[in-house]
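In what follows, a structure is listed as structure tokens, so that the remarks can point back to it.
The values are calculated or read from the model by the stated rules, or taken from the named source; none is laboratory data. Source: prediction; values computed, not measured. Glycine gets a Cβ as well: all are built from the backbone with ideal geometry, and neighbour counts include every protein chain shown.
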């Protein structure tokens, strides 16, 4: 049996370094955060070969006192905190006192630093944790730390480093995030001797974003400015004209610290529920300010994970902040000439911040002016819509049921098992429609309704199927939110289930009832369904039941509102289809119903309902005007 013994310091340091220094990206993050804590307003980040051969961080901060340089590279030495009580009032990014010691343990390090009070700076070199030289040197105020030969003495770790391109990409992401976190700091990023980007010193967050991202993203930004008693949320999110195939452009800061929080992403996307296509994600840049005592940043050595004292409250406030910003403007999709003529069909997310030159001269003024235009209620004026000679019966009358067939479902009076939070879907009181006043021109391909505004400056195309999906969806959601779902009694139907499905169904009887489906235990792993929401009266009952059952298996009580995702897809069952021939009265009814919706812009699946083309863009396409 092996004897228990104390490990030597070299082994201890290498083990500790494995927790803090996972990759070159970790080194860049830790050193830049130290520069920020040192009060720098100019920081240069330089890497070579994905950070494997060189990482150099230079700043103009306050520097390190000569007699404290050695201590700075010892484990658990820090100037950020003095006791555990300070963890409840942290305003610095660093505090653990592990980063410099960990970096020095697995690489070769050179530090040059000088304070404002010193005439000369000091240069110190460290090799595998051992100081090899120390001397005075002329240098500017601030600190420069150069890291070379990463993991040269830990070959097992070096073997698992990714390719230069992959490591470089990870560093790119963290430098961009850090630059966004402090807009008042000028960042210069050099990759393999090429300047990748510079950011300006500015008091305006939007200027930093514009220096780092492409114009498509910049032009889609919507400002967020939200405050509650506990949390302040500012920043920007994107409208419906811009989305990505991943979440890499969802960047969140808590008290100036870059963080990763998986559940937060779900709540960000909840604000866009039904607005974007499936598996497409908005970009957003959120700055969250909260009392330090209400957030724990001492969760992981990398300090990118945090825990909130009241997580549900904070996450719901984030959802409200984005939702409020998103619905404060028109989010109608617009078609540009460049989209139709000059660009090949491609994903909107194909561009990279490093594929273009920086552009810091843009302004949000034009964007804000465009979105602040007064929008009048839609009024339908019939202009030469042909009578297709079909049945005069309005197909929308199918949604009107005889009184004897329906009744209002009463809300459970003593139901406190959980709370439904559906604020994202609450119908807001509004004085005017989100659509302009339109004249109907006609229908093309028995699918697209063509309209123009009364000023004849814009043309609008409306997808009749997507529009009716939206109408049916909101009709059901409004009933749901009011706890007054219209239900229809049916001939009782028995559904045989597996034991697992049966247990899920029986344990969630109240939830099914809340959604308008009345089920009873029929014994032998079977249930009996007596009623369904009227909106699903023409649907296949088993499909509706299983869609809800499967959703209940995937969610927890804390995000139970997402149970509606699959129910939403059923809202299109009775909808007008592409190719259905509509009569004049049906088109009029469709647009009148559309104007009453909260979101006339997208169907429940996130596809556009209405697309706008301005006279200017049309005339550019016909080359009647240049530019």
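For the structure I just gave you, tell me whether residue 262 is modelled with pLDDT under 90, within 20 Å of residue 311 (Cα to Cα) and out of contact with any strand residue (DSSP E or B) (no Cβ under 9 Å at 6 or more places or on another chain). So that I can check it myself, show each step before the final result.
Numbers: modelled with pLDDT under 90: yes; within 20 Å of residue 311 (Cα to Cα): yes; out of contact with any strand residue (DSSP E or B) (no Cβ under 9 Å at 6 or more places or on another chain): yes.
Answer is yes for this residue.
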Could you run through the stretch 38-63 and say how many residues are more than 13 Å from residue 201 (Cβ to Cβ) and part of a loop (DSSP other than H, G, I, E, B)? 7
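Could you tell me which of the residues 446, 416 is over 33 Å from the mean Cα position of the chain (by Cα), modelled with pLDDT under 85 and either exposed (fewer than 15 other Cβ atoms within 10 Å of the Cβ) or in a loop (DSSP other than H, G, I, E, B) (or both)? Show your work before the answer.
On the way: 416 fails: over 33 Å from the mean Cα position of the chain (by Cα).
None of the others qualify; the one that does is 446.
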In the stretch 449-461, which residue that is more than 17 Å from residue 589 (Cβ to Cβ) and in contact (Cβ under 8 Å) with a residue 24 or more places away in the chain is surrounded by the most Cβ atoms within 10 Å (Cβ to Cβ)? 460
Odd one out for residue 174 among (1) touching a helix residue (DSSP H, G or I) at 6+ places or on another chain (Cβ under 7 Å); (2) buried (at least 17 other Cβ atoms within 10 Å of the Cβ); (3) not assigned by TED's automatic domain parsing to the domain that holds residue 49: (3)
Condition met for residue 286 (at pLDDT 80 or above, within 17 Å of the chain's Cα centre (by Cα) and assigned to a strand (DSSP E or B)): yes
Could you pull out every one of the helices (runs of 4 or more DSSP H) wholly within the stretch 152-256 that has 1 or more residues that are closer than 29 Å to residue 38 by Cβ, over 18 Å from the mean Cα position of the chain (by Cα) and modelled with pLDDT of 90 or more? 164-181, 205-212
Quick test for you: out of 199, 208, pick the one residue that is in contact with a helix residue (DSSP H, G or I) (Cβ under 7 Å, 6 or more places away or on another chain), buried (at least 19 other Cβ atoms within 10 Å of the Cβ) and more than 24 Å from residue 54 (Cα to Cα). 208
Where residue 524 falls short, out of the listed (1) on the phi < 0 side of the Ramachandran plot; (2) out of contact with any helix residue (DSSP H, G or I) (no Cβ under 6 Å at 6 or more places or on another chain): (1)
Could you tell me whether residue 55 is at pLDDT 95 or above, in the same structural domain as residue 182 (by TED's automatic domain parsing), closer than 17 Å to residue 105 by Cβ and surrounded by 23 or more Cβ atoms within 10 Å (Cβ to Cβ)? yes
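Quickly run through the stretch 200-209 and pick out the residues that are in contact with a strand residue (DSSP E or B) (Cβ under 9 Å, 6 or more places away or on another chain) and touching a residue at least 40 places away in the same chain (Cβ under 8 Å).
200, 201, 205, 206, 209, listed by residue number.
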So, in the stretch 289-341, of the ones that are at pLDDT 85 or above and part of a strand (DSSP E or B), which residue ends up surrounded by the fewest Cβ atoms within 10 Å (Cβ to Cβ)? 289
Matching entry among 590, 560, 564 (being buried (at least 21 other Cβ atoms within 10 Å of the Cβ) and modelled with pLDDT under 80): 564
Test for residue 492: is it touching a strand residue (DSSP E or B) at 6+ places or on another chain (Cβ under 9 Å) and either within 19 Å of residue 550 (Cβ to Cβ) or not assigned by TED's automatic domain parsing to the domain that holds residue 468 (or both): no
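Only helices (runs of 4 or more DSSP H) wholly contained in the stretch 462-517 count here; list those with 3 or more residues that are touching a residue at least 60 places away in the same chain (Cβ under 8 Å) and closer than 30 Å to residue 607 by Cα.
Details: elements: 464-481, 499-507, 509-514.
Result: 464-481.
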